[in-house]
1. At 222 nm, what helix-only mean residue ellipticity would chain B give, in deg cm²/dmol to the nearest 500, using -39500 (n - 2.57) for each DSSP H run of four or more?
2. Let's test the formula: R0 of 22 Å, r as the Cβ-Cβ distance of A:T12 and B:N170. What FRET efficiency results, to the nearest 0.05?
3. Which of the listed residues, B:Y112, B:P167, B:L152, is farthest toward the dipole's positive end in chain B, when Lys, Arg count +1 and Asp, Glu count -1 at the beta-carbon?
4. Return a whole-number percent for the relative contact order of region A:104-172, with Cα pairs under 8 Å and 6 or more residues apart as the contact set.
5. Let me know the charge dipole size of chain A about its Cα centre in debye, to the nearest 20, where only the beta-carbon of Lys, Arg (+1) and Asp, Glu (-1) is charged.
6. May I ask you to list, by number, the DSSP H helices of chain B whose Cα span along the axis is at least 15 Å and whose average Kyte-Doolittle hydropathy reaches 1.6 or more?
7. Among A:P55, A:G154, A:V139, whose Cα lies farthest out toward the positive end of the dipole of chain A, if unit charges sit on the beta carbon of Lys, Arg (+1) and Asp, Glu (-1)?
8. Could you grab the relative contact order for chain A? Cα pairs under 8 Å, six or more apart, rounded to a whole percent.
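Values quoted throughout were computed directly from the atomic coordinates according to the rules given, and no laboratory measurement underlies them. Predicted, not measured: the structure shown is a model, and the values here were computed from it. Glycine gets a Cβ as well: all are built from the backbone with ideal geometry, and neighbour counts include every protein chain shown.
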Amino acid sequence: MSLFQVFIVIGTYNMLAFGNGSAVVALLQHRLVEDSGILNLNQFLYAYALGRVTPGQNNLYLASIGFMIYGWLGALAAMLSIQIGGYLVLPVLKVYDRMREVGWVQGAIRGLGASSVGLMFAVGFRVGTEAMTGLIPWVVFLSTLALIFLARRGMLVGMLGATVLGLGLKFILPV
Amino acid sequence: MSEVVEPQSPTPHPTLSLTQIFIVFFKAGCAFGGGLGVLGLLQEQLVTLRRILPDKELLTLWSIGRLMPSGTMTAVAVAVGYRLAGFAGTVVALVAMILPGFVCVVVLTIAYGYLAHGPVLDYIDATLLPAALGIIVVSALRLGRPLMRLSLDFVFVVAACVLVIWPGLNPALVILGGGVAGALFLRGKNEPRP
């Protein structure tokens, strides 16, 4: 697979998935592991896992896949391919700016906003059912909220502080 | 490219210098928890601290981003970057947002041989997810605060939440459906007051 093919495959699959990250994983796993054998399953799963333990968007794990195939150039090609699609929002933004005062557009925007908030709670619920499986996760979760709301340390400090606390507990406590 | 202010647009577009945009998006890119974690940091930086964007505008841009065939936050970075500093703002916002994660991902990929079979990633995963959950909850509460009272908008919130959890509909479809339903049922209705 050439560098250009890496760029096209990752970019195309990322856009085809249309907001469904799991679909990208399935498509890429089929193409890179089962079809072509460019990566073995362990490499692929490791790259995917990195998306969860590194900051930023989840789809940054695609840089790991690009790096495994073509080194730094592959990582950069993967990143470029998933960023370009974001520019499709600009024409939509232009249309939105022209029509934002129209009654049905305002209704649509309110509907989009309200359903987006619902989606955030749904994601929170899903992450919660996966993550809150013992004492340490609850300590980390509550510490994050405490640092943000009570200590007013900001989200980043709250998150990192609670994570460091959790890692410390994980090494100390056998749970 | 300079920002073109549409005469039809009722809100004057705010601006930030490219350096400020880089700082805001770099901080946001340091958030764990995927796109919602990044959104939470953006909300804190742009809405709460700098008062550059109203809550509703950021939520709208995020909703539009969800409908784009790319990563949601990629589209949000382009949209916000463009709002703040035109085309140059989009490039700076994107680079700054992905930089922390990109560097971490590549470094950890280089360390594949050392980390792939050890417990370190599991440990990080087990402690980062709950912290990320905290960010997601705070972000949802802050952005959704005006909607948390008995209203038709609140019905949309609950319906979207339920439809994504069960029967597990595609989030992009749920948001698109929310937009269509909003155009039909929310047009001309008073918005719930915060």
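1. Details: 8 runs with 130 residues, N = 194.
Taking each H run of at least 4 residues, the total per residue is -22500 deg cm²/dmol.
2. 0.75
3. Of the options given, the answer is B:L152.
4. Relative contact order here is 24 percent.
5. That gives chain A a dipole magnitude of about 460 debye.
6. B:72-110, B:152-165, B:171-185
7. Among A:P55, A:G154, A:V139, the one farthest towards the positive end of the dipole of chain A is A:G154.
8. Values: 124 pairs, mean separation 26.0, N = 175.
Relative contact order for chain A comes out at 15 percent.
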